[in-house]
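These notes are about the structure you will find just below.
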Amino acid sequence: MKDREIEKLIQEEAAREKKVVNLIASENFASSDVLEALGSVFTNKYAEGYPGSRYYGGTVVADKLENAVRRRALRLFHLSPDDWSVNVQPYSGSPANFAIYLALVPPGEKIMGMSLAMGGHLTHGQRVSVTGKLWSQIPYGVSQKTETLDYVEIAKIAKREKPAIIVTGYTAYPRIIDFGKFRKIADSVGAILMVDMSHFAGLVAGGGYPTPFKYADVVMTTTHKTLRGPRGAMIFSRKIKVNSKLTIAEAIDKAVFPGLQGGPHLNAIAAIGVALREAAKPEFKRYAKQVIKNAKVLAEELKKLGWRIISDGTDTHLVLVDTMSRGIGGKEAAEKLERAGIIVNKNTIPYDIRKPTDPSGIRIGTPAATTRGMKEGDMKKLAAKIDKVLGDK
Ligand code: DSN
């Protein structure tokens, strides 16, 4: 690279990534093929519109690319193109969620989503996000006793509030979600059911987590977390009518472009395609299962060492640790671990009495470490190291 300054920073970041153990639950290591596609000539091309209907010339190859990636996306999740459509253009998860609401929820209507502090996401209608300004969030959380979803309570809130859309799929929830129960709740109030599977899409693809497609109307996922692709997102939608004119899929396509975005990032779309093919391979199934096994071992070992684990364990790729159970705040815990070469993020825990900038816990995830080849034995060592680092005065 001729740009020495940026080249040096890229090398510095590569060295940092090699040196540390990455336990950020939402990060991963994309393959060299994904990186190659991301750095390809597709970055040069504008292709506003959709295949067969673009606003620029020279889009013959772009059309082939986008169609191929859409096919791969549907195939990976065993979806028939007769029933489902997928939009692979969203730049990332936040604009994708925004586009879904733009398409399906009239301004001022209610989005029922888990509150951020309980494990939801900003774009599930949180007030500081535009999704909580143009729409109003009806928050729900987890049971204080079990720290898991309380479907009876969620059903009550839905009945009382009659939201236009119910969002499930979270950023800090370590347990399996019962999508069937959410479907029943949504049907009981005539709401659309949206699943944000960004965190566990790779686990669904690898057969380690239940598929939401049997129950959801719309499924959004980012592509760079457990799915191990580039930064980007996809929206899957059912081809059912949302109003007298449009299907959900058509409304979402319009909302993504021209509603919200301009030209798609074709280089990212190419890299998503590469990741989707990788995720269809048998070794990805093994990977997804190992991610979960590793998280379970990490949770169990930390428990044995006296750390309180939210919901008493995990079914997924992430473990939420109540660091205050051993008298250390989440901020200090994350900083201490970083100094020891272990990267996690501070995180609120359900019913946290501390503030989000210095909450009561940390979130630990195994997707990136598993990509690097770590197994159960490494998790035991990691738990011991975490315990030692956090225990040292
Ligand atoms: N920031 C992501 C996470 O860490 O879960 C969600 O967008």
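The values are calculated or read from the model by the stated rules, or taken from the named source; none is laboratory data. Since the model is a prediction, treat every value here as computed from it, not as a measurement. Ideal geometry is used to build each Cβ from the backbone, glycine not excepted, and the neighbour counts take in all protein chains shown. Ligands, DNA and RNA are excluded from the accessible area calculation, which covers all protein heavy atoms including side chains. Shrake-Rupley method; radii C 1.70, N 1.55, O 1.52, S 1.80 Å.
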Take the solvent-accessible surface of the protein heavy atoms, probe 1.4 Å, and return the percent of it on the chain that carbon and sulfur atoms account for. 54 percent
If packing is taken as the average count of other Cβ atoms within 10 Å, what order do 282-292, 58-68 fall into, highest mean first? 282-292, 58-68
Using a cut-off of 11 Å between beta-carbons, work out the net charge of the residues near ARG183 (Lys and Arg +1, Asp and Glu -1, ARG183 not included). 0
For a quick protection proxy, order the peptides 77-83, 36-42, 261-267 by their average other-Cβ count within 10 Å, most packed first. 261-267, 36-42, 77-83
Ranked from highest to lowest mean number of other Cβ atoms within 10 Å per residue, what is the order of the peptides 208-218, 190-200, 43-53? 190-200, 208-218, 43-53
Distance in Å, no decimals, from the C-alpha centre of region 82-110 to the one of region 1-80 is 21 Å
Could you identify which residue out of VAL189, VAL34, VAL167 has the top mean-square fluctuation in a GNM of the chain using Cα springs shorter than 10 Å? VAL189
Accessible area of HIS121, 1.4 Å probe, to the nearest 10 Å²? 50 Å²
Mean-square fluctuation check for the chain, GNM, Cα pairs under 10 Å: which of ILE343, ILE272, ILE235 is largest? ILE343
Region 254-393: relative contact order from alpha carbon pairs under 8 Å, six or more residues apart, as a whole percent, is 24 percent
Rounded if a/c under 1.5, otherwise prolate or oblate - region 108-227, Cα gyration tensor axes: rounded
Evaluate Rg over Rh across region 153-289, taking Cα atoms for both radii and Kirkwood's formula for Rh. 0.99
By the C-alpha gyration tensor axes a ≥ b ≥ c (rounded if a/c is under 1.5, else prolate when a/b exceeds b/c, else oblate), the shape of the chain is oblate
Could you give the dipole magnitude of the chain about its Cα centre, charging the beta-carbon of Lys and Arg +1 and that of Asp and Glu -1, in debye to the nearest 20? 520 debye
Under a Gaussian network model of the chain whose springs join Cα atoms within less than 10 Å, the largest fluctuation of MET324, MET118, MET234 belongs to MET324
Along the charge dipole of region 73-206, pointing to its positive end and built from +1/-1 on Cβ of Lys, Arg, Asp and Glu, which listed residue (GLY141, PHE182, PRO90) has its Cα farthest out? GLY141
Quick one: accessible area per residue over region 1-101, 1.4 Å probe, rounded to a whole number of Å²? 58 Å²
Probe 1.4 Å, protein heavy atoms only - accessible area per residue of region 168-289 in square angstrom: 34 Å²
Expressed as a whole-number percentage, the relative contact order of the chain with C-alpha contacts under 8 angstrom and at least six residues apart is 22 percent
Cα gyration tensor shape of region 271-316, rounded if a/c is under 1.5, else prolate or oblate by comparing a/b with b/c: prolate
Distance from the Cα centre of region 311-335 to that of region 187-240, in angstrom? 26 Å
Relative contact order %, region 185-309, counting alpha carbon pairs below 8 Å whose residues are six or more apart: 23 percent
Which links in LYS145/LYS304; LYS289/LYS355; LYS346/LYS380 stretch past 29 Å when you go from one Cα to the other? LYS289/LYS355
